[in-house]
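Report on one structure; see the data block that follows.
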Amino acid sequence: DPASRAGAGGGPGGAAPRLALPGAPAAASDADIRAVIGAQMEALRAGDLEAAFAHASPAIRNLFATPERFGLMVGQGYPMVRDNAATRFLERRATDGRQWQRVMVTDLAGRVHFLDYEMIETEAGWRINGVRILEAPGAGV
């Protein structure tokens, strides 16, 4: 239910409730979201398409149907996600009920890319529901 996803209610052993305001994600969710994105990147780097595909949302899994098709899409559209020299997590925000995690990725050639990961919370935990490549700050000037 929405209250448990927001962190309301007592925890095991009578722990104090953790309250979260709408649009203000809890710190634990930040770590969980970063862990999912990081784990998918690691799986892609290792060539473990099944593990990478497991971090995708049900909608993405339905769209691509197999880990191989998913891996082909990542390789063609998001090569910097699979092959990168550095990753830095930036801000996380909620917009219109959607959770977004911004990530700065430096590819193997030293180019910097900014990505927005849309995250959804499922019964199995946080999953990646899409990635947008953003224009680098100052690139449109």
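The values are calculated or read from the model by the stated rules, or taken from the named source; none is laboratory data. All figures in this text were calculated on a predicted structure; none of them were measured in a lab. Counting neighbours? That spans all protein chains shown, and the Cβs are built from the backbone with ideal geometry, glycine included. Areas reflect the complete protein model, heavy atoms only, side chains present, ligands, DNA and RNA absent. Shrake-Rupley method; radii C 1.70, N 1.55, O 1.52, S 1.80 Å.
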Conditions first: (1) outside any helix (DSSP H, G or I); (2) modelled with pLDDT of 95 or more. Ala20 passes all but one, so which condition is the exception? (2)
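Residues that are part of a loop (DSSP other than H, G, I, E, B), touching a residue at least 40 places away in the same chain (Cβ under 8 Å) and not small (Gly, Ala, Ser): does the stretch 56-77 have at least one? Spell out how you get there, then give the answer.
Looking only at the stretch 56-77, we keep the residues that are part of a loop (DSSP other than H, G, I, E, B), and these are 57, 65-66.
Still in the running and touching a residue at least 40 places away in the same chain (Cβ under 8 Å): 57.
Then keep just the ones that are not small (Gly, Ala, Ser); that gives none.
No, there is no match, as no residue in the stretch 56-77 is part of a loop (DSSP other than H, G, I, E, B), touching a residue at least 40 places away in the same chain (Cβ under 8 Å) and not small (Gly, Ala, Ser).
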Selected residue (only one of Ala39, Ala52, Ala65 is at pLDDT 95 or above, more than 18 Å from Asp107 (Cα to Cα) and either open to solvent by less than 50 Å² (accessible area, probe 1.4 Å) or hydroxyl-bearing (Ser, Thr, Tyr) (or both)): Ala52
